[in-house]
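Here is the structure we will look at, set down as C-alpha coordinates.
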Amino acid sequence: MLLTGLFARGHVLIEDLPGLGKTTLARALAKAVGSDFKRVQFTPDLLPTDIIGTSVYRQQDGTFEFREGPIFTNILLADEINRATPRTQSALLEAMSEQQISAEGETRKLARPFFVVATQNPIEHAGTYPLPESQLDRFMLKFDVGYPTADDEKRILFDHASGDTLDHVERVLSREELLVIQEAVKKVRVEPSIADYILEIVNETRVHPKLVSGASPRASVALFRACQALALIEGREFVVPDDVKALAVHVLSHRVIERASFDKRGGKSGQEIIRKILSKVAVSA
(Lines give C-alpha, C1' and ligand atoms only; values in the text may rest on other atoms or scores of the structure.)
Protein backbone atom coordinates (compact mmCIF):
# COMPACT_ATOMS: atom_id res chain seq x y z
CA MET A 1 0.00 0.00 0.00
CA LEU A 2 2.83 2.38 0.81
CA LEU A 3 4.58 1.78 -2.51
CA THR A 4 1.26 2.06 -4.36
CA GLY A 5 0.69 5.52 -2.90
CA LEU A 6 4.25 6.61 -3.65
CA PHE A 7 4.28 5.38 -7.26
CA ALA A 8 0.81 6.83 -7.91
CA ARG A 9 1.92 10.30 -6.71
CA GLY A 10 -0.51 10.20 -3.82
CA HIS A 11 -0.19 10.41 -0.04
CA VAL A 12 -0.79 7.78 2.62
CA LEU A 13 -2.42 7.83 6.06
CA ILE A 14 -1.58 5.03 8.50
CA GLU A 15 -3.83 4.66 11.52
CA ASP A 16 -3.05 2.29 14.34
CA LEU A 17 -2.00 2.01 17.95
CA PRO A 18 1.35 3.42 19.14
CA GLY A 19 4.33 1.11 18.95
CA LEU A 20 3.35 -0.91 15.87
CA GLY A 21 6.10 0.39 13.60
CA LYS A 22 4.36 3.14 11.64
CA THR A 23 7.29 5.54 11.95
CA THR A 24 9.85 2.82 11.25
CA LEU A 25 7.99 1.85 8.10
CA ALA A 26 8.14 5.41 6.74
CA ARG A 27 11.83 5.81 7.58
CA ALA A 28 12.66 2.48 5.96
CA LEU A 29 10.86 3.51 2.77
CA ALA A 30 12.77 6.80 2.53
CA LYS A 31 16.08 4.99 2.94
CA ALA A 32 15.16 2.32 0.37
CA VAL A 33 14.24 4.84 -2.35
CA GLY A 34 17.19 7.14 -1.75
CA SER A 35 15.14 10.26 -1.12
CA ASP A 36 15.39 13.15 1.30
CA PHE A 37 13.38 12.48 4.45
CA LYS A 38 12.13 14.72 7.22
CA ARG A 39 9.91 14.01 10.19
CA VAL A 40 7.54 16.37 12.00
CA GLN A 41 6.15 15.34 15.36
CA PHE A 42 2.66 16.82 15.49
CA THR A 43 1.71 18.20 18.90
CA PRO A 44 -1.09 20.51 20.12
CA ASP A 45 1.27 23.51 20.20
CA LEU A 46 2.70 22.98 16.69
CA LEU A 47 2.19 26.00 14.41
CA PRO A 48 1.78 26.10 10.61
CA THR A 49 5.10 28.00 10.33
CA ASP A 50 6.82 25.07 12.06
CA ILE A 51 5.95 23.00 8.98
CA ILE A 52 6.08 25.51 6.12
CA GLY A 53 8.81 27.83 7.34
CA THR A 54 9.00 31.52 8.08
CA SER A 55 10.96 34.68 7.29
CA VAL A 56 13.84 35.56 9.58
CA TYR A 57 15.20 39.10 9.90
CA ARG A 58 18.87 39.45 8.90
CA GLN A 59 20.25 42.16 11.13
CA GLN A 60 23.48 42.57 9.15
CA ASP A 61 21.75 43.83 5.98
CA GLY A 62 18.24 44.65 7.23
CA THR A 63 16.47 42.12 5.02
CA PHE A 64 14.21 39.15 5.63
CA GLU A 65 15.28 35.66 4.59
CA PHE A 66 12.82 32.79 4.20
CA ARG A 67 13.89 29.74 6.15
CA GLU A 68 12.35 26.62 4.68
CA GLY A 69 10.46 24.31 6.98
CA PRO A 70 10.58 20.50 6.96
CA ILE A 71 7.92 20.36 4.24
CA PHE A 72 10.70 21.05 1.71
CA THR A 73 11.73 17.42 1.28
CA ASN A 74 10.88 14.34 -0.79
CA ILE A 75 9.27 12.19 1.89
CA LEU A 76 7.63 13.92 4.84
CA LEU A 77 6.56 11.91 7.86
CA ALA A 78 3.72 13.72 9.64
CA ASP A 79 3.86 11.72 12.85
CA GLU A 80 0.68 11.54 14.95
CA ILE A 81 -0.94 14.13 12.69
CA ASN A 82 -4.22 14.12 14.62
CA ARG A 83 -2.55 15.41 17.78
CA ALA A 84 -2.21 18.86 16.20
CA THR A 85 -5.00 21.41 15.90
CA PRO A 86 -7.05 21.60 12.67
CA ARG A 87 -5.35 24.93 11.82
CA THR A 88 -1.94 23.25 11.78
CA GLN A 89 -3.23 20.18 9.96
CA SER A 90 -4.56 22.43 7.20
CA ALA A 91 -1.05 23.75 6.54
CA LEU A 92 -0.48 20.59 4.50
CA LEU A 93 -3.50 20.98 2.22
CA GLU A 94 -1.98 23.08 -0.57
CA ALA A 95 1.26 21.11 -0.47
CA MET A 96 -0.50 17.76 -0.80
CA SER A 97 -2.76 18.89 -3.64
CA GLU A 98 -0.51 21.13 -5.72
CA GLN A 99 3.06 20.37 -4.56
CA GLN A 100 3.58 23.99 -3.60
CA ILE A 101 3.14 26.24 -0.61
CA SER A 102 2.13 29.88 -0.30
CA ALA A 103 3.98 31.80 2.39
CA GLU A 104 5.02 35.40 2.95
CA GLY A 105 3.16 36.45 -0.20
CA GLU A 106 5.08 34.05 -2.45
CA THR A 107 4.36 30.64 -3.96
CA ARG A 108 7.20 28.16 -3.61
CA LYS A 109 7.41 24.85 -5.45
CA LEU A 110 8.21 21.69 -3.52
CA ALA A 111 10.69 19.03 -4.51
CA ARG A 112 9.77 16.10 -6.73
CA PRO A 113 8.77 13.58 -5.70
CA PHE A 114 6.80 14.90 -2.73
CA PHE A 115 5.17 12.20 -0.64
CA VAL A 116 3.44 12.59 2.73
CA VAL A 117 3.22 9.61 5.05
CA ALA A 118 0.99 10.59 7.96
CA THR A 119 0.39 8.47 11.02
CA GLN A 120 -2.43 8.89 13.47
CA ASN A 121 -3.63 7.26 16.64
CA PRO A 122 -7.20 5.97 16.81
CA ILE A 123 -9.59 8.85 17.46
CA GLU A 124 -10.65 7.27 20.75
CA HIS A 125 -7.22 8.04 22.22
CA ALA A 126 -6.83 11.08 24.47
CA GLY A 127 -5.37 14.24 22.98
CA THR A 128 -6.43 13.63 19.38
CA TYR A 129 -8.32 15.89 16.97
CA PRO A 130 -10.35 14.41 14.11
CA LEU A 131 -8.91 15.24 10.70
CA PRO A 132 -11.27 17.52 8.71
CA GLU A 133 -12.89 16.04 5.61
CA SER A 134 -10.82 18.27 3.32
CA GLN A 135 -7.64 16.85 4.86
CA LEU A 136 -8.77 13.22 4.70
CA ASP A 137 -9.71 13.63 1.05
CA ARG A 138 -6.09 14.50 0.22
CA PHE A 139 -4.88 11.07 1.29
CA MET A 140 -4.99 8.58 -1.55
CA LEU A 141 -4.81 5.56 0.76
CA LYS A 142 -5.49 4.80 4.40
CA PHE A 143 -4.60 1.53 6.07
CA ASP A 144 -3.57 0.07 9.41
CA VAL A 145 -0.52 -1.98 10.36
CA GLY A 146 -1.99 -4.49 12.80
CA TYR A 147 -0.20 -6.69 15.30
CA PRO A 148 2.59 -8.93 13.98
CA THR A 149 2.36 -12.72 14.01
CA ALA A 150 4.16 -14.59 16.78
CA ASP A 151 7.00 -15.53 14.41
CA ASP A 152 7.38 -11.97 13.14
CA GLU A 153 7.39 -10.54 16.65
CA LYS A 154 10.06 -13.04 17.69
CA ARG A 155 12.19 -11.88 14.75
CA ILE A 156 11.58 -8.25 15.80
CA LEU A 157 12.97 -9.03 19.27
CA PHE A 158 16.22 -10.40 17.89
CA ASP A 159 16.53 -7.68 15.24
CA HIS A 160 16.27 -4.97 17.88
CA ALA A 161 18.69 -6.78 20.15
CA SER A 162 21.35 -6.67 17.42
CA GLY A 163 21.08 -2.92 16.85
CA ASP A 164 19.10 -0.41 14.81
CA THR A 165 16.89 -2.36 12.38
CA LEU A 166 17.16 0.43 9.81
CA ASP A 167 20.89 -0.23 9.49
CA HIS A 168 19.99 -3.28 7.39
CA VAL A 169 17.82 -1.32 4.94
CA GLU A 170 19.59 -0.86 1.61
CA ARG A 171 18.85 1.66 -1.12
CA VAL A 172 17.18 -0.02 -4.09
CA LEU A 173 16.11 3.08 -6.04
CA SER A 174 17.46 6.54 -6.67
CA ARG A 175 15.28 9.64 -6.66
CA GLU A 176 15.62 9.85 -10.44
CA GLU A 177 14.55 6.22 -10.89
CA LEU A 178 11.55 6.84 -8.65
CA LEU A 179 10.44 9.72 -10.89
CA VAL A 180 10.75 7.42 -13.93
CA ILE A 181 8.49 4.85 -12.22
CA GLN A 182 5.91 7.54 -11.43
CA GLU A 183 5.85 8.50 -15.12
CA ALA A 184 5.54 4.84 -16.12
CA VAL A 185 2.45 4.47 -13.91
CA LYS A 186 0.63 7.02 -16.07
CA LYS A 187 1.04 4.75 -19.09
CA VAL A 188 -0.56 1.66 -17.51
CA ARG A 189 -3.64 0.85 -19.61
CA VAL A 190 -7.11 1.11 -18.10
CA GLU A 191 -9.94 -0.26 -20.22
CA PRO A 192 -13.22 1.71 -20.34
CA SER A 193 -14.97 -1.21 -18.62
CA ILE A 194 -12.60 -0.89 -15.64
CA ALA A 195 -13.22 2.86 -15.50
CA ASP A 196 -16.98 2.18 -15.52
CA TYR A 197 -16.47 -0.33 -12.69
CA ILE A 198 -14.65 2.29 -10.61
CA LEU A 199 -17.31 4.92 -11.27
CA GLU A 200 -20.15 2.57 -10.37
CA ILE A 201 -18.50 1.69 -7.05
CA VAL A 202 -17.98 5.38 -6.24
CA ASN A 203 -21.54 6.22 -7.23
CA GLU A 204 -22.87 3.52 -4.89
CA THR A 205 -21.25 5.35 -1.97
CA ARG A 206 -23.22 8.48 -2.93
CA VAL A 207 -26.61 6.76 -2.84
CA HIS A 208 -25.99 4.29 -0.01
CA PRO A 209 -28.68 4.64 2.69
CA LYS A 210 -26.15 4.35 5.54
CA LEU A 211 -23.89 7.10 4.20
CA VAL A 212 -24.66 10.80 4.47
CA SER A 213 -21.67 11.71 2.30
CA GLY A 214 -20.16 9.57 -0.44
CA ALA A 215 -16.79 9.63 -2.19
CA SER A 216 -15.81 12.71 -4.21
CA PRO A 217 -14.52 12.87 -7.81
CA ARG A 218 -11.06 13.15 -6.24
CA ALA A 219 -11.70 9.68 -4.84
CA SER A 220 -12.48 8.34 -8.33
CA VAL A 221 -9.20 9.77 -9.65
CA ALA A 222 -7.31 8.39 -6.64
CA LEU A 223 -8.70 4.88 -7.13
CA PHE A 224 -7.93 5.03 -10.87
CA ARG A 225 -4.31 6.09 -10.31
CA ALA A 226 -3.77 3.68 -7.42
CA CYS A 227 -4.94 0.80 -9.61
CA GLN A 228 -2.44 1.81 -12.28
CA ALA A 229 0.36 1.80 -9.69
CA LEU A 230 -0.64 -1.57 -8.23
CA ALA A 231 -0.77 -3.11 -11.71
CA LEU A 232 2.77 -1.86 -12.39
CA ILE A 233 3.98 -3.26 -9.06
CA GLU A 234 2.45 -6.61 -10.03
CA GLY A 235 4.34 -6.50 -13.33
CA ARG A 236 1.39 -5.75 -15.60
CA GLU A 237 0.84 -3.05 -18.21
CA PHE A 238 -2.91 -3.05 -17.67
CA VAL A 239 -5.37 -2.83 -14.77
CA VAL A 240 -7.62 -5.78 -13.87
CA PRO A 241 -10.76 -5.84 -11.69
CA ASP A 242 -8.82 -7.46 -8.83
CA ASP A 243 -6.71 -4.29 -8.57
CA VAL A 244 -9.88 -2.29 -7.93
CA LYS A 245 -11.12 -4.81 -5.38
CA ALA A 246 -7.76 -4.80 -3.56
CA LEU A 247 -7.69 -1.01 -3.24
CA ALA A 248 -11.29 0.21 -2.99
CA VAL A 249 -11.55 -0.11 0.81
CA HIS A 250 -8.22 1.67 1.37
CA VAL A 251 -9.05 4.48 -1.06
CA LEU A 252 -12.73 5.07 -0.28
CA SER A 253 -13.55 4.16 3.33
CA HIS A 254 -11.89 7.23 4.91
CA ARG A 255 -13.71 9.53 2.47
CA VAL A 256 -17.28 8.52 3.35
CA ILE A 257 -19.33 9.68 6.35
CA GLU A 258 -21.79 7.34 7.98
CA ARG A 259 -25.30 8.60 8.62
CA ALA A 260 -25.27 7.23 12.18
CA SER A 261 -22.58 9.66 13.26
CA PHE A 262 -20.80 12.55 11.58
CA ASP A 263 -17.67 11.58 13.54
CA LYS A 264 -17.35 8.14 11.99
CA ARG A 265 -14.98 8.45 9.06
CA GLY A 266 -13.04 5.45 7.81
CA GLY A 267 -14.08 3.24 10.70
CA LYS A 268 -14.62 -0.50 10.62
CA SER A 269 -18.29 -0.14 9.68
CA GLY A 270 -17.37 2.23 6.84
CA GLN A 271 -14.92 -0.35 5.54
CA GLU A 272 -17.62 -3.01 5.75
CA ILE A 273 -19.97 -0.83 3.69
CA ILE A 274 -17.35 -0.55 0.93
CA ARG A 275 -16.85 -4.33 1.00
CA LYS A 276 -20.59 -4.88 0.60
CA ILE A 277 -20.63 -2.46 -2.32
CA LEU A 278 -17.82 -4.44 -3.94
CA SER A 279 -19.79 -7.66 -3.55
CA LYS A 280 -22.83 -6.00 -5.12
CA VAL A 281 -21.29 -4.21 -8.12
CA ALA A 282 -20.39 -6.38 -11.09
CA VAL A 283 -17.63 -5.68 -13.58
CA SER A 284 -18.96 -4.26 -16.85
CA ALA A 285 -18.58 -6.56 -19.86
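The values are calculated or read from the model by the stated rules, or taken from the named source; none is laboratory data. Because the structure is predicted, anything quoted here is derived from the model rather than measured. So basically every Cβ, Gly included, is an ideal-geometry build from the backbone, and we count neighbours across all protein chains shown.
At a glance:
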item	result
Matching entry among L110, L131, L136 (being surrounded by 13 or more Cβ atoms within 10 Å (Cβ to Cβ), over 19 Å from F7 (Cα atoms) and modelled with pLDDT of 85 or more)	L136
Total residues in segment 42-65, condition surrounded by 14 or more Cβ atoms within 10 Å (Cβ to Cβ), at pLDDT 85 or above and not aliphatic (A, V, I, L, M)	7
Of all residues making up segment 1-30, the number that are of a type in the set (A, V, I, L, M, F, W, C) and under 12 Å from the mean Cα position of the chain (by Cα)	10
From I156, I101, residue being of a type in the set (A, V, I, L, M) and under 23 Å from I52 (Cβ atoms)	I101
Close pairs from segment 39-58: first free of Cβ contacts under 8 Å to residues at least 24 places away in the same chain, partner surrounded by fewer than 16 Cβ atoms within 10 Å (Cβ to Cβ) and not β-branched (V, I, T), Cβ under 6 Å, at least 6 apart	V56/E65; V56/R67; Y57/F64; R58/E65
Residue identified as under 26 Å from S35 (Cβ atoms), among the aliphatic types (A, V, I, L, M) and touching a Cys at 6+ places or on another chain (Cβ under 9 Å) among V180, V169, V188	V188
Of all residues making up segment 85-109, the number that are over 17 Å from the mean Cα position of the chain (by Cα) and either part of a loop (DSSP other than H, G, I, E, B) or outside the structural domain of L46 (by TED's automatic domain parsing) (or both)	3
Extreme residue, farthest from Q135 (Cα to Cα), among residues of segment 77-95 that are surrounded by 20 or more Cβ atoms within 10 Å (Cβ to Cβ) and of a type in the set (A, V, I, L, M)	L77
Leading residue by the ranking (nearest to T88 (Cα to Cα)) among those in segment 23-75 that are part of a loop (DSSP other than H, G, I, E, B) and β-branched (V, I, T)	T43
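Results for (1) more than 29 Å from L252 (Cα to Cα); (2) in contact with a His (Cβ under 8 Å, 6 or more places away or on another chain); (3) surrounded by fewer than 16 Cβ atoms within 10 Å (Cβ to Cβ); (4) modelled with pLDDT of 85 or more, shown as yes or no for each residue.
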| position | (1), (2), (3), (4) |
| --- | --- |
| M1 | no, yes, no, yes |
| G10 | no, no, no, yes |
| A30 | no, no, no, yes |
| R39 | no, no, no, yes |
| F72 | no, no, no, yes |
| I75 | no, no, no, yes |
| S97 | no, no, yes, yes |
| Q100 | no, no, yes, yes |
